[in-house]
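One structure below.
The values are calculated or read from the model by the stated rules, or taken from the named source; none is laboratory data. Just so it is clear, the model here is predicted, and its values are computed rather than measured. Ideal geometry is used to build each Cβ from the backbone, glycine not excepted, and the neighbour counts take in all protein chains shown. When the accessible area is computed, the model is the full protein with side chains, heavy atoms only, and any ligands, DNA or RNA have been set aside. Shrake-Rupley method; radii C 1.70, N 1.55, O 1.52, S 1.80 Å.
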Amino acid sequence: MNLALFDIPAAVLLGQLMLGLINGAFYALLSLGLAIIFGLLKVINFAHGAQYMLGAFLALLLFRHFGIDYWTALLLVPILVGLFGCALERFLLRPVAGESHLYSLLLTFGLALIIQGTFTNLYGSSGNAYPIPAALRGALSLGFMHLPTYRAWVIVAALTVCLAAWLIIEKTRLGAYLRAGTENPQLMQAFGINIPFLVTVTYGFGVALAAFAGVLAAPLYSVSPGMGANLLIVVFAVVVIGGMGSIVGAVITGLAMGLIEGLTKVFYPQAATTVIFLVMVLVLLVKPNGLFGKEA
Amino acid sequence: MSDLHTPELEQLRLSNVHAFYGESHILHGIDMKVHRGELVTLLGRNGSGRSTILKSIMGMVGRRTGSIMINGKETATLPAFRIPRLGAGYCPEERGIFASLDVEENLLLPPTVRSGGMNLDEIYEMFPNLYERRRSQGTRLSGGEQQMLAMARILRTGANLLLLDEITEGLAPVIVQKLAEVLVKLKEKNLTIILVEQNFCFAAPLADRHYLIEHGRIIEEISAAELPGQMELLHRQLGV
Ligand SMILES: Nc1ncnc2c1ncn2[C@@H]1O[C@H](COP(=O)(O)OP(=O)(O)O)[C@@H](O)[C@H]1O
Ligand SMILES: [Mg+2]
């Protein structure tokens, strides 16, 4: 199969699309968490990248020092980092909840710097390898390419978690509380919903999603204190394109931007790192509330 | 509930309630008492503080002082989300239908606060339109249907103290008539109702008592029996 498109072999094209889909899966997971947090708390969580890094690092440390394997970490790390997130919300974000958005923005930005700085101090800024779990080594033959099994797993796991999060939000009682609380938290209290608790849990859940992405990323990218900061810039662009606070928008845009990045690598590699920001500018010009955002 | 039919049971008592939004002092020492099964109205001009009285009861104002007892429990120190669990159900002036929820999700949203609420079938029997439109987005309903939904939503929870803010505002006469029928049924169920109303003709035949509010104070309390003699005052105060 060598269907030439602009003289580019189909295998190369499909290969890049696949890589793009993997990046997109991470964008989707991270922007989903950001969107959920922004929806209810109206907080732009600048610590999201650091919390993603925390997930990857915690998996690495648990493995190194306690021999805790990948599968356990995949479950345990999001819970631990999520609880850490709950504590951050309860003791740092809640006291500034009534203030201007600038407070929470600077607070989470400062937190990100502290977390990242602490890890750089303790472990240096170079990358650390995390072994791919035995069951996911090797590659799958897709005909047009050999896809490393772990990468296939990343796509499946990320999409499954996104789908599960969407189902929880759209189809359950808890999700209805979250949606309604996003619209009018004061009225929800007048119905007897413990909004402060819902806010804490929601922030913890968003942070847990970031940590889950971090564990998924650990065997794929090298684990380093700066790994989240670089990614977060792109993810913010994704959130802006999708529309702040739109759950479905975050996931679809995340995947789509990964694919667009992949395509750009094939056709015009020089622009691959900037194409998402280009899309962001275009979207902001045409639809300032984002592709899936509600009209203000 | 053995005390359900005790006519003089005190359901709500406000003592020297002051309420503030930021620096603005809105309520200036409200005292009122409402018995179980009573329907009282809060009458007054726009901006007199009627909605603020309801919001104070629900803990939705910036700050309040004084005492507010619901079903014999002091609420002054309770967080807002605990107040509904004492039996208070609130229907806000702006209706507060959630756009991201469909009609049935809106209906099922408020958690049950006590036993004895209406079930979904009874609600749909009382408001057949809501059944027909149960899969529609909440805010796609007509104004009248949204008002029905806002009322129905708190009837499900078993709340026995209903705070209804301007429920007839902007609605067609047939719908206002329908709401009056609903209120009569709720009175038969011995629910306690506080009604903020502009539409005096709607409120007068239903009410046991009226409080006349001006500048955040109660300036007159009028029972249904005294109403004919007080029309002069009401006319002056409200233009009715
Ligand atoms: N959220 C608020 N912040 C500041 N002032 C308010 C707020 N809500 C109402 N007020 C003021 O409180 C007063 C009473 O308002 P309200 O209770 O809504 O009156 P009513 O329901 O009788 O029309 C008005 O002067 C209004 O401007
Ligand atoms: Mg009002």
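Whose amide H sits under 5 Å from the amide H of B:Glu220, counting only residues 5 or more places off or on another chain, with H placed in the peptide plane?
B:Leu212
How big a patch of accessible area, both sides summed and in Å² to the nearest 100, lies buried between B and A at a 1.4 Å probe? Working shown, then result.
Working: alone 11160 and 14220 Å², together 23620 Å².
In total, this chain pair buries about 1800 Å².
Looking at the P(r) of region B:19-84, how many percent of alpha-carbon pairs lie beyond 17 Å?
Values: 918 of 2145 pairs.
So the portion of pairs separated by more than 17 Å is 43 percent.
Other chains' Cβ within 10 Å of B:71-81 residues: what's the mean? It would help to have the intermediate numbers written out before the result.
Details: counts 0, 0, 0, 0, 0, 0, 0, 0, 4, 9, 11.
Per-residue shielding by partner chains comes out at 2.
Nearest 20 debye, what's the magnitude of the dipole of the protein assembly as shown about its Cα centre given +1 on Lys and Arg Cβ and -1 on Asp and Glu Cβ?
Around 1160 debye, computed over the protein assembly as shown.
Using amide H atoms built 1.01 Å from N in the peptide plane, name the residues 5+ places from B:Gln11, or on other chains, whose amide H lies under 5 Å from its own.
B:Val34, B:His35, B:Arg36
Can you quote the Å³ per residue value for the convex hull of the Cα atoms in region A:24-227, rounded to an integer?
Values: hull volume 26.1 nm³, N = 204.
Spelled out: Cα convex hull of region A:24-227, divided by residues, is 128 Å³.
Go through region A:1-75 and name the chymotrypsin sites (Phe, Trp or Tyr not before Pro) that are in a DSSP coil and have 12 or fewer other Cβ atoms within 10 Å of their Cβ.
Numbers: sites: A:Phe6, A:Phe26, A:Tyr27, A:Phe38, A:Phe46, A:Tyr52, A:Phe57, A:Phe63, A:Phe66, A:Tyr70, A:Trp71; in loops: A:Phe6, A:Phe46.
For chymotrypsin sites (Phe, Trp or Tyr not before Pro) across region A:1-75 that sit outside H, G, I, E and B with at most 12 neighbouring Cβ atoms in 10 Å, the list reads A:Phe6.
Among A:Ala180, A:Gly242, A:Val281, which residue has its Cα positioned farthest towards the positive end of the charge dipole of region A:158-296, with +1 placed on the Cβ of Lys and Arg, -1 on the Cβ of Asp and Glu, and the dipole taken about the Cα centre?
A:Ala180
Hull surface divided by four, with the convex hull built on the Cα atoms of region A:65-143: how many nm²?
Values: hull surface 35.6 nm².
Result: 8.9 nm².
Given +1 on the Cβ of Lys and Arg, -1 on the Cβ of Asp and Glu, and no further charges, what dipole in debye does region A:54-207 carry about its Cα centre, rounded to the nearest 20?
Numbers: 8 positive and 5 negative charges, 48 e Å.
Dipole magnitude for region A:54-207 comes out near 220 debye.
Using helices alone, I'd like the mean residue ellipticity at 222 nm for the protein assembly as shown: each DSSP H run of four-plus residues gives -39500 (n - 2.57), total over residue count, nearest 500. Mind dumping the intermediate values first?
Details: 19 runs with 272 residues, N = 536.
Value at 222 nm, helices only, nearest 500: -16500 deg cm²/dmol.
Just to be sure I understand the interface: list residues from region B:46-64 that lose 20 Å² or more of accessible area between the chain on its own and the complete protein assembly, 1.4 Å probe.
B:Met60
In chain B, which whole DSSP H runs stretch at least 20 Å along their own axis (Cα) and average 0.5 or higher on the Kyte-Doolittle scale?
Numbers: long enough: B:173-188 (23 Å, 0.67).
Membrane-span-like by this rule: B:173-188.
Per 10 Å bin, what percent of the C-alpha pairs of region A:1-89 does each bin hold, from zero upward?
Per 10 Å bin, starting at 0, the Cα pair percentages come out as 14, 32, 25, 16, 11, 1.
Which whole-number value in Å² is the accessible area per residue of region A:42-100, probe 1.4 Å?
On the way: 2670 Å² over 59 residues.
That works out to 45 Å² per residue.
Would you mind estimating how fast region A:244-287 diffuses translationally, via Stokes-Einstein at 4 °C and 1.567 mPa s with the Kirkwood radius over Cα pairs, in µm²/s? Could the numbers behind the result be given before it?
Numbers: Rh = 11.1 Å.
The diffusion coefficient I find is 117 µm²/s.
Hey, what do the phi angles of region A:267-282 turn into as Karplus ³J(HN,Hα) couplings, whole Hz, using 6.51/-1.76/1.60 and θ = phi - 60°, x for Gly and Pro?
8, 7, x, 4, 8, 4, 7, 10, 4, 5, 6, 5, 4, 4, 4, 4
Just need the Rg to Rh number for region A:195-296, please, alpha carbons only, Kirkwood Rh.
Numbers: Rg = 15.3 Å, Rh = 15.1 Å.
Taking Rh as the inverse mean 1/r over Cα pairs, Rg/Rh reads 1.02.
Just round it to a whole percent: the fraction of Cα-Cα distances in chain B exceeding 31 Å. Present the calculation step by step, with values, prior to reporting the outcome.
Details: 5643 of 28680 pairs.
Beyond 31 Å sits 20 percent of the P(r) for chain B.
Might you tell me the accessible area per residue for chain B, computed with a 1.4 Å probe and given in Å²? Please report the intermediate quantities before stating the final value.
On the way: 10300 Å² over 240 residues.
Accessible surface, normalised per residue, equals 43 Å².
Which value results when the Cα radius of gyration for the protein assembly as shown is divided by 2.2 N^0.38 Å?
Values: Rg = 28.7 Å, N = 536, 2.2 N^0.38 = 24.0 Å.
Taking the Cα Rg and dividing by 2.2 N^0.38 Å, one obtains 1.20.
What does the accessible area of B:Lys73 come to, in Å² to the nearest 10, when a probe of 1.4 Å is used?
120 Å²
Springs between alpha-carbon atoms under 10 Å, Gaussian network over chain A: tell me which of A:Leu54, A:Leu32, A:Leu19 tops the mean-square fluctuations.
A:Leu19
For region B:111-118, take each phi angle, set θ = phi - 60°, evaluate the Karplus expression 6.51 cos²θ - 1.76 cosθ + 1.60, and give the result in whole Hz per residue in order, putting x for glycine and proline.
x, 5, 9, 7, 6, x, x, 7
What does the accessible area of A:Ile193 come to, in Å² to the nearest 10, when a probe of 1.4 Å is used?
It works out to around 10 Å².
If you build the convex hull over the alpha carbons only and average its shadow over all orientations, what do you get for region B:78-213? Give it in nm² to one decimal. Kindly include the intermediate steps, with their values, before the conclusion.
Working: hull surface 33.7 nm².
If I average the Cα hull's projected area over directions, I get 8.4 nm².
Listed here are the pairs B:Lys33/B:Lys55; B:Lys55/B:Lys185; B:Lys33/B:Lys73; which of them are more than 20 Å apart at the Cα?
Numbers: B:Lys33/B:Lys55 16 Å; B:Lys55/B:Lys185 25 Å; B:Lys33/B:Lys73 14 Å.
Where the Cα-Cα span goes over 20 Å, the pairs concerned are B:Lys55/B:Lys185.
Can you work out the Karplus-derived ³J(HN,Hα) for every residue in region A:225-231? Use 6.51 cos²θ - 1.76 cosθ + 1.60 with θ = phi - 60°, whole Hz, and x for glycine or proline.
x, x, 4, x, 4, 5, 5
Where the only charges are on Cβ atoms (+1 Lys, Arg; -1 Asp, Glu), what is the dipole of chain B about its Cα centre, to the nearest 20 debye? Walk me through the numbers on the way to the answer.
Working: 26 positive and 29 negative charges, 114 e Å.
It works out to roughly 540 debye.
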